[in-house]
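Step one of this worksheet: look at the structure below.
The values are calculated or read from the model by the stated rules, or taken from the named source; none is laboratory data. It should be emphasised that the depicted structure is a prediction, and the values quoted were computed from it without experimental measurement. Quick reminder, even Gly has a Cβ in these numbers, built from the backbone with ideal geometry, and neighbours come from all protein chains shown.
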C-alpha cells in the first residue's frame, strides 16, 4: 500500500510560518516595532503586551495559503487608573494605528483594532487584568464583549491544552490542524479557523502517525452543521479522503495525487 506519510509531514511544515520561513523575520520585526510604538504612545498606561492566538500556538498558516492569517496582540491597560469602556480603548488603539502607520489600513473590529501591514494583519486587542501580578497565568483577563461590556477570557487555556495533546500524540496534532486549516482556506472557510482547531484538539489520535491521524480527523469532523454549505464542503472533503485512501490501497499514484490535490492547496 502506498503511503503519503512523508508528503503530509512536508506539507504540514510548508503550511507553517516557521523560524526559517521568509515571513517570520518580517513578523518579528513588525511585532517589535509595534510594541515599541505602543510603549512610546501609552507609556505606563500599558501594563503588558503579549502575543497570543494561532501564531503563539504554532498553528498559523503563511498568507499565501491563508489570506486571513493574522497576529493577535493583547494590550493590557492599567484599567484601575484609566477605567474607560471597551469602545474608548479601541478608539485609542485606532488613533494609534492611524498616527504611527499612516500608510497602512486600520479599522475597528470586535474585539480588536486591525492593523493591515503589507505582509500580514495584526489584531490589537485591548484588555485589563484583575490582578497585575498574575497576568500571564490568571484567568482574570478581560477583553471587549461589545462597546460597553467586557468578557472574561483565558488566552492561554486552549494553547496549553493543545500543547499537551500535541506531545501526547507524537507531535502530530498541530500538523494535522495546519493541514485541515489549509483545506479550510482552500474551500473558502466553511469552518471558523479557531473552531476547527478546537475540534481537532478534542480528538483522540492514540497510536496514529500523521497519515492515519489525517484520515481519522477528516472522518471524525462533525456531520451536523447549521450552515448547509459547510456540511456540503465537509461531505466533499470526506469523499475525497475516501477516494484518496482507496487510491493508496490500490497503489495508484496518479489517483492519490489527484485526490490529495482536491483536498490541499498543492500543485
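Condition check for residue 205 on (1) free of Cβ contacts under 8 Å to residues at least 60 places away in the same chain; (2) out of contact with any helix residue (DSSP H, G or I) (no Cβ under 8 Å at 6 or more places or on another chain): one failure, at (2).
Of the helices (runs of 4 or more DSSP H) lying entirely inside the stretch 136-232, those containing at least 2 residues that are more than 24 Å from residue 18 (Cα to Cα) span 210-219.
Among all residues of the stretch 71-90, there is none that is surrounded by 16 or more Cβ atoms within 10 Å (Cβ to Cβ), at pLDDT 95 or above and more than 29 Å from residue 148 (Cβ to Cβ). Taking the conditions exactly as written (surrounded by 13 or more Cβ atoms within 10 Å (Cβ to Cβ) and closer than 14 Å to residue 175 by Cα), does residue 196 satisfy them or not? So residue 196 fits the description; yes.
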